[in-house]
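The values are calculated or read from the model by the stated rules, or taken from the named source; none is laboratory data. Quick caveat, the model's predicted, so the values are computed rather than measured. Note that we place each Cβ from the backbone using ideal geometry, even for glycine, and neighbour counts take in every protein chain shown.
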Number of protein chains: 2
Amino acid sequence: MDAVQEAQNREAFRHAVVNTLERRLFYIPSFKIYRGVAGLYDYGPPGCAVKSNVLAFWRQHFVLEENMLEVDCPCVTPEVVLKASGHVDKFTDLMVKDEKTGTCYRADHLLKDYCKDKLEKDPNLSADKAAELGHVLAVLDDLSSEELGAKIKGYKITAPDTKNSLSDPYPFNLMFQTSIGPSGLSPGYMRPETAQGIFVNFKDLYYYNGNKLPFAAAQIGQAFRNEISPRQGLLRVREFTLAEIEHFVDPDDKSHPKFAEVATLEFLMFPREDQVSGRAARRIAIGEAVAQGIVNNETLGYFIGRVYLFLTQLGIDKDRLRFRQHLANEMAHYAADCWDAEIECSYGWIECVGIADRSAYDLRAHTDKSGVLLVAHEKFTEPREVEKLVITPVKKELGLAFKGSQKMVVEALEAMDEKEAMELKATLEAKGEAEFRVCTLDRAVTIKSNMVSISKEKKKEHQRVFTPSVIEPSFGIGRIIYCLYEHSFYTRPSRDGDEQLNVFGFPPLVAPIKCTVFPLVQNEQYEEVARKIARSLTAVGITYKIDVTGTSIGKRYARTDELGVPLAITVDSTSSVTVRERDSKQQIRVNVDEVASVVKEFADGVSTWGDVLWRYPTHSS
Amino acid sequence: MDAVQEAQNREAFRHAVVNTLERRLFYIPSFKIYRGVAGLYDYGPPGCAVKSNVLAFWRQHFVLEENMLEVDCPCVTPEVVLKASGHVDKFTDLMVKDEKTGTCYRADHLLKDYCKDKLEKDPNLSADKAAELGHVLAVLDDLSSEELGAKIKGYKITAPDTKNSLSDPYPFNLMFQTSIGPSGLSPGYMRPETAQGIFVNFKDLYYYNGNKLPFAAAQIGQAFRNEISPRQGLLRVREFTLAEIEHFVDPDDKSHPKFAEVATLEFLMFPREDQVSGRAARRIAIGEAVAQGIVNNETLGYFIGRVYLFLTQLGIDKDRLRFRQHLANEMAHYAADCWDAEIECSYGWIECVGIADRSAYDLRAHTDKSGVLLVAHEKFTEPREVEKLVITPVKKELGLAFKGSQKMVVEALEAMDEKEAMELKATLEAKGEAEFRVCTLDRAVTIKSNMVSISKEKKKEHQRVFTPSVIEPSFGIGRIIYCLYEHSFYTRPSRDGDEQLNVFGFPPLVAPIKCTVFPLVQNEQYEEVARKIARSLTAVGITYKIDVTGTSIGKRYARTDELGVPLAITVDSTSSVTVRERDSKQQIRVNVDEVASVVKEFADGVSTWGDVLWRYPTHSS
């Protein structure tokens, strides 16, 4: 029963957090007066301020610190771009329809719910059956459309609301489609990620950077996914803010000049091998992880370290943050390595940042589709003699042998790397023919020695031309913020102990409002002082909330603790005021003229509360 | 020929600006490697930084200064919301199609081009014809679909590219349409403005503000218009950033507590009467304009003043900025008053900010459609006796008389204001019947005294319930930035006088990069100093660009003048450096340890160049 109890506790905790968030307008279900739209949320005033603080810190921590080239591209994207990136063909989820009502469901969700439900609630489940369902859950993400359909039929799963039978699964593209211009002939989509806007600009950005590698481009913006049936509240939504970095680097040199600055950072990592062998995540220094080859290269490791610093400085609990390496089956075939920053919240471990080495895939895809070369150059100081592999398929012979499949065979031959080519050459020379696997035909063919010539030629070269690799850290800002809410939330008893009060313990950096100003009692003198302090706070760029209601100070504290306001200024004289810190509830006396600068140094992170406390007399209420 | 010459100069100037902007990646035509999409542009690195600075200043100047409630709503919007706002039915342009190729054109553009072309290039044009074409241009925006079609036919206007004949004009909705969720049954649109997201949240925001008026909500975000054929480069685009404020105010009290702070500001205003009578815009103090009733109310006037301060502090030339009042025919029927901040650039006077008193229209529209009351309450300290108008249509009699039209007649009777109702009552009492116009029937009907009872009743009321008025300042951020580029751009001769160099004279607030760091010559000592300065700049949050190429200092200055970088630090010793200001080209000597703080105080606007110049020894190169 422990697992059940734990699940209930998580639910209750989430309920308390979400209830506070919604009541205090951190977020609002969008278009609420029209009964809303699933998967769309507004950021209300405090939520909007938190988001704006998180993005400002992201810019400071990544863009400014690393001198990145920030760009801002439109959301509306023509089809050709997303055809090249693969989204038009592959950005899909499998869907089933209620055969009578037409209501749509995600096929994997239904199967997952069925298995979980059986495992949790069926007391008569045999051990064999339980093992089987457990296995289905483990391989869920790998099931093909046919396999999913067979399982749904096999388990007799029906539509949750009507119990009607379900259609076979079929792919639904998750992009919002639209049409650009009035003709109806130019299909477009709302971008599913911001990255493509950077890739298509590679040539200009490389030039802007003085034709030098490495460099990084960054973009913050909206992205869109037309989810089949959104779940998990703020975690799976149809429109969200992404912050993405594309760091372009020479594939032959993925070292990073600043790697030493993060190398000693130690945090929870969950390498592929540990996952497969059932071990737990463990603390590893990122320097060690790169040295041992757990993380593919220094640049990838550097970004993992920087992401760790970013998240923990925002207020994410380092013990509920881990970096999980993608399993072989999760990773795109072209990716060299991929790690997710996962944050634990009441929904479990949630992917919030993906950090992938996508190799040359994206730039090559756009080069192929657009015909514009997206490459970098390395000029040699001295011309170098290089051996180049030359593969020349003999099209006539190949045509006679393979007819309609000729093109695929030619492409497969040309795509061989040096090792493959030299092995084929050796076999052809020894035996006159060789078996050769053609991926696109999904079979092996017999190549004879008259069908291809393979040689190495020496050439003098003045430069090296290559497609850069891309290391991509991609941040789901909304998910990070939601986890931050959960990690910052706590309750404590009110002074008379008869109720539990909610507190968001945001660091000053994140807090939506940095301080409140409360005249102790309603009188013109105190209110004048409050207005004066308010003006001086505005002048130094500090957000505040003024509350001149006659409510008790305790109640006013409780109201703003719930908004995560770190400092409260109570005007209880005309010369000096009381400043109270949210978490410790400690109070100090500060002169009216000084108070704005004290709040500012605390809000900007120049001083901690400890620093401030030491300099001013304490106040006991 | 003066007008022609002037037009040519404007074209040449624009060409120089746009060329520099595109070459230095202030903007990039989106998806350029795929030959782009008309009306979509990326902000490249310096453009993105300018935009981010403009938005940060907007937040400081409006949201923080006025304690506004900022929200952040999705772009994807369900149809019902935009049906209520009127966009689904009325957000259209008239379009004509090439009858053979199907190519689409904006009908008014073709007619406008025809008239302008004739007027400018036809030497045989009679005075009568010229007057006629001039009149067409003047009333162009008021022409109905039929009138436009008749003119296009009458002038035998054909498709510009093919000379094929054109279809009749028909309305094309400018919203990008999409579908929410997988069913295909929930139409949605990409929002054409951000305002609706605020209106639908009025109830929650009013509560968040302690159920008090006035208050303002604000939103920055993307908006979308699927233009038929985008023109004017960066000024008319299909996706753009809006910053909108909705200030909710009691319709009976539109005074503003801070109006005195802006009342003495004097700037170019262009009231309706002056436009109609052919006078020019003139300088008026905003306090005077409100006092004389030229501007409808203090709150509207306050925002006009604040917009003036915002734009001029960004660097917009105050002599090329005017506030133009909407003519009666431009203004929506519900609007109380409306002023556009227009900025003059090479395209003419361009609307960049609209400041409208939209009365209660939007909140009423969403109340009607959603059934949720979007109203405010004023609690009376003492209950008040009020006379209330009571209109009771006698449905039986009306049904007999008007049959199918009964509903429209009933609604029209109930919608009468006090004055209309009392007049009708008087006529009915005097004559037993009265002519009564029913808008929705587009005719008058005869009302007899047995068909409606009209009376005034006295009631005690404890509060007043009313729909707030909305004052809406709405900023087209991209247009403001483009005008800023034109107003900041100038050229000056190079030192040897053989070429003209481009400069963007941005104020430090706007400049994309605040300073550059140049080691005078390539050596390790100077580069180490440069890196040290770079680190100290990052620490105080100042963006910089480091240039260690061996290029001459003059060339390096020229390169960054073109980016509008206000200060350049040349490392020419290991203890002190030369700091050069962009516009004056004056130079001072500053210690290495002090230089970051000097740049920061200048970049933050704490000191002017004059202030700094006075404190440090000058340097002559």
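Under the condition of being touching a strand residue (DSSP E or B) at 6+ places or on another chain (Cβ under 8 Å), within 13 Å of another protein chain (Cβ to nearest Cβ) and part of a loop (DSSP other than H, G, I, E, B), the residues counted in region A:544-565 number 4.
One residue stands out among those in region A:45-64 that are farther than 20 Å from A:Cys515 by Cβ and within 7 Å of another protein chain (Cβ to nearest Cβ): the one that is surrounded by the fewest Cβ atoms within 10 Å (Cβ to Cβ), which is A:Gln60.
For region A:160-214, give me every one of the strands (runs of 3 or more DSSP E) that falls completely inside it and has 3 or more residues that are in contact with a strand residue (DSSP E or B) (Cβ under 9 Å, 6 or more places away or on another chain) and within 8 Å of another protein chain (Cβ to nearest Cβ). Reasoning before the result, please.
Details: elements: A:170-173, A:177-179, A:187-190.
Hits in region A:160-214: A:177-179.
When only residues in region B:278-296 that are among the aliphatic types (A, V, I, L, M) and closer than 19 Å to B:Leu327 by Cβ count, which is surrounded by the fewest Cβ atoms within 10 Å (Cβ to Cβ)? Of everything passing the filter in region B:278-296, B:Ala280 is surrounded by the fewest Cβ atoms within 10 Å (Cβ to Cβ).
Against the condition at pLDDT below 95, more than 29 Å from B:Tyr482 (Cα to Cα) and aliphatic (A, V, I, L, M), how does B:Ala336 come out, does it pass? For B:Ala336, the condition - at pLDDT below 95, more than 29 Å from B:Tyr482 (Cα to Cα) and aliphatic (A, V, I, L, M) - is met. All conditions but one from (1) surrounded by 17 or more Cβ atoms within 10 Å (Cβ to Cβ); (2) in contact with a helix residue (DSSP H, G or I) (Cβ under 9 Å, 6 or more places away or on another chain); (3) within 12 Å of chain A (Cβ to nearest Cβ) apply to B:Leu21; the one that does not is (3). Of the residues making up region A:582-621, those that are in a strand (DSSP E or B) and closer than 18 Å to A:Ala539 by Cα number 1. Close Cβ contacts (under 8 Å, 6 or more residues apart or on different chains) running from residues in region A:604-621 that are at pLDDT 90 or above to residues that are among the aromatic types (Phe, Trp, Tyr) comprise A:Thr608/A:Phe602; A:Trp609/A:Phe602; A:Val612/A:Phe602. The set of residues in region B:573-591 being more than 18 Å from B:Trp609 (Cα to Cα) and in contact with a strand residue (DSSP E or B) (Cβ under 6 Å, 6 or more places away or on another chain) consists of B:Ser576 alone. Might you let me know whether region B:244-263 holds any residue that is away from every other protein chain (no Cβ under 14 Å), in a helix (DSSP H, G or I) and among the β-branched types (Val, Ile, Thr)? Within region B:244-263 (the criterion being away from every other protein chain (no Cβ under 14 Å), in a helix (DSSP H, G or I) and among the β-branched types (Val, Ile, Thr)), the answer is no, since none of the residues qualifies. None of A:Val577, A:Val529 is within 29 Å of B:Val606 (Cβ to Cβ), outside any loop (DSSP other than H, G, I, E, B), touching a helix residue (DSSP H, G or I) at 6+ places or on another chain (Cβ under 7 Å) and of a type outside the set (Lys, Arg) except A:Val577. If the condition is being closer than 22 Å to B:Thr103 by Cβ, among the acidic types (Asp, Glu) and surrounded by 13 or more Cβ atoms within 10 Å (Cβ to Cβ), then region B:134-168 contributes only B:Asp168.
Output the strands (runs of 3 or more DSSP E) that fall wholly within region A:318-430 and possess 3 or more residues being surrounded by fewer than 16 Cβ atoms within 10 Å (Cβ to Cβ) and hydrophobic (A, V, I, L, M, F, W, C), or say none.
Qualifying strands (runs of 3 or more DSSP E): A:376-393.
Given the criteria closer than 30 Å to B:Gly210 by Cβ and within 7 Å of chain A (Cβ to nearest Cβ), does B:Val37 qualify? For B:Val37, the condition - closer than 30 Å to B:Gly210 by Cβ and within 7 Å of chain A (Cβ to nearest Cβ) - is not met. Can you pull out the residues in region A:119-131 that are assigned to a helix (DSSP H, G or I) and either within 32 Å of the chain's Cα centre (by Cα) or surrounded by 13 or more Cβ atoms within 10 Å (Cβ to Cβ) (or both)? A:Leu119, A:Glu120, A:Lys129, A:Ala130 - these are the residues of region A:119-131 that are assigned to a helix (DSSP H, G or I) and either within 32 Å of the chain's Cα centre (by Cα) or surrounded by 13 or more Cβ atoms within 10 Å (Cβ to Cβ) (or both).
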